[in-house]
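**Student:** One structure, pasted below without further comment.
The values are calculated or read from the model by the stated rules, or taken from the named source; none is laboratory data. Everything quoted here is computed from the prediction, not taken from an experiment. Cβ atoms come from the backbone with ideal geometry, glycine included; neighbour counts cover every protein chain shown.
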Amino acid sequence: MSSAIDLTGRLRKMPVTAGAPVNYLLAVGDDRVALNDHLGHRVRIGFEGVIRCIHCDRKTNKSFNQGYCFPCFRKLAACDSCIMSPEKCHFHLGTCREPEWGETHCMVEHVVYLANSSGLKVGITRASQVPTRWIDQGAVAAIPMLRTRSRYLAGLVEVACKQHVADRTNWRAMLKDDVPELDLVAERAALLETIAPDLKALLAEHGEDAVRAVDEPGLDLSYPVQVWPEKIKSHNLDKQPDIDGVLEGIKGQYLMLDTGVINLRKYTGYVVRFRVDAP
């Protein structure tokens, strides 16, 4: 039987492990809490009024790009606009904010994938981030489609795909489990055929090893949820610093409480007091 928990520290993105269901840890400071064990328990999250940058630990009045202070937001490659729009990568121009970081994070193999989180979507991620990226998006299934030599090339492929497939998740539908059944193997084959001219042009410009289609199996994912919300009410720590509710589920980076949902990733860097009542 689990006991009461009372921790104070800076929030980080929840570490996840694929399983049936996905296993979640809550990261508060240096502590980790196995959240799956606390489904059905009353959870209290209190914002202490302090935000600390997840890179330099500087105190900041506002969090930028999910956890950074403004100076780090301006200087770090992880916060550059090309992270959100990888087709805008400027590493090859010699203007990367942090070339060494770019070498290890962007100039490495990436996966272009199809996922079903609230319907069919296309996305990209570093090969090393499979399946973490899929879990963070709340996908119930995902499948690799292409592997590319770099993030930039993955971004170019994604641009071609976005003309035919969405690249965003309807997070409200995702949290309600309002997700259609899809045959991702068939969807992958159809999309590859559709974008074949775009891929041919990319290979002609960047070399035959730039992009390669893969016939890899997909992954089905389930989440620790006892009750799916019928209506979505979002908690906001900036407006409501004290949140209280029974933990009914976890999906993506969201906690589902009987009083509303909260996207913990949005509050990365916030110093909170996290409590769980003993059952």
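**Student:** Identify, by number, the condition in (1) at pLDDT below 95; (2) part of a loop (DSSP other than H, G, I, E, B) that Val108 doesn't meet.
**Tutor:** (1)
**Student:** Restricting to region 111-131, name every residue that is among the aromatic types (Phe, Trp, Tyr) and either in a helix (DSSP H, G or I) or in contact with a Leu (Cβ under 6 Å, 6 or more places away or on another chain) (or both).
**Tutor:** Our first condition is that a residue be among the aromatic types (Phe, Trp, Tyr); within region 111-131, this holds for 113.
Of everything in region 111-131, nothing turns out to be among the aromatic types (Phe, Trp, Tyr) and either in a helix (DSSP H, G or I) or in contact with a Leu (Cβ under 6 Å, 6 or more places away or on another chain) (or both).
**Student:** Identify all residues within region 150-170 that are more than 16 Å from Leu221 (Cβ to Cβ) and in contact with a Gly (Cβ under 8 Å, 6 or more places away or on another chain); write none if there are none. Break it down stepwise before answering.
**Tutor:** Looking only at region 150-170, we keep the residues that are more than 16 Å from Leu221 (Cβ to Cβ), and these are 150-168, 170.
Within region 150-170, Glu158, Ala166, Asp167, Asn170 meet the criteria.
**Student:** Another question about this same structure. Say whether the condition of being among the β-branched types (Val, Ile, Thr), in a helix (DSSP H, G or I), within 24 Å of Val16 (Cβ to Cβ) and touching a strand residue (DSSP E or B) at 6+ places or on another chain (Cβ under 9 Å) is met by at least one residue in region 132-143.
**Tutor:** yes
**Student:** Check region 174-190 and report whether any residue there is at pLDDT 95 or above, surrounded by fewer than 16 Cβ atoms within 10 Å (Cβ to Cβ), over 25 Å from Lys121 (Cβ atoms) and among the β-branched types (Val, Ile, Thr).
**Tutor:** No - not one qualifying residue is present in region 174-190.
**Student:** Identify, please: which residue in region 208-264 is outside any strand (DSSP E or B) and among the aromatic types (Phe, Trp, Tyr) and is, among those, farthest from Ala141 (Cα to Cα)? Quick ask: steps written out before the conclusion?
**Tutor:** Quick first cut of region 208-264, residues outside any strand (DSSP E or B) only: 208-210, 214-218, 221-224, 226-233, 235-241, 252-253, 258-259, 264.
Cutting the leftovers down to among the aromatic types (Phe, Trp, Tyr) gives us 223, 228.
Working: Tyr223: 11, Trp228: 18 Å.
Only one residue fits best here, namely Trp228.
**Student:** Return the only residue of Asp209, Asp177, Asp198 being out of contact with any Asp or Glu (no Cβ under 8 Å at 6 or more places or on another chain), touching a residue at least 12 places away in the same chain (Cβ under 8 Å), in the same structural domain as Arg126 (by TED's automatic domain parsing) and on the phi > 0 side of the Ramachandran plot.
**Tutor:** Asp177
**Student:** Related question: Could you list, in sequence order, all residues of region 23-52 that are in contact (Cβ under 8 Å) with a residue 60 or more places away in the chain, hydrophobic (A, V, I, L, M, F, W, C) and in contact with a Lys or Arg (Cβ under 8 Å, 6 or more places away or on another chain)?
**Tutor:** Those that are in contact (Cβ under 8 Å) with a residue 60 or more places away in the chain, hydrophobic (A, V, I, L, M, F, W, C) and in contact with a Lys or Arg (Cβ under 8 Å, 6 or more places away or on another chain): Leu26, Val28, Val43, Ile45, Val50, Ile51.
**Student:** If you check every pair at least six apart or on different chains, which have Cβ atoms under 8 Å apart with a residue in region 148-165 that is assigned by TED's automatic domain parsing to the domain that holds Trp101 first and a residue that is of a type in the set (S, T, N, Q) and in a loop (DSSP other than H, G, I, E, B) second?
**Tutor:** Gly155/Ser85
**Student:** Related question: Quick check on this structure: which one of Gly40, Gly19 is loosely packed, with under 15 Cβ neighbours inside 10 Å, at pLDDT 95 or above and either in a loop (DSSP other than H, G, I, E, B) or hydrophobic (A, V, I, L, M, F, W, C) (or both)?
**Tutor:** On the way: Gly19 fails: at pLDDT 95 or above.
From the options Gly40, Gly19, the qualifying one is Gly40.
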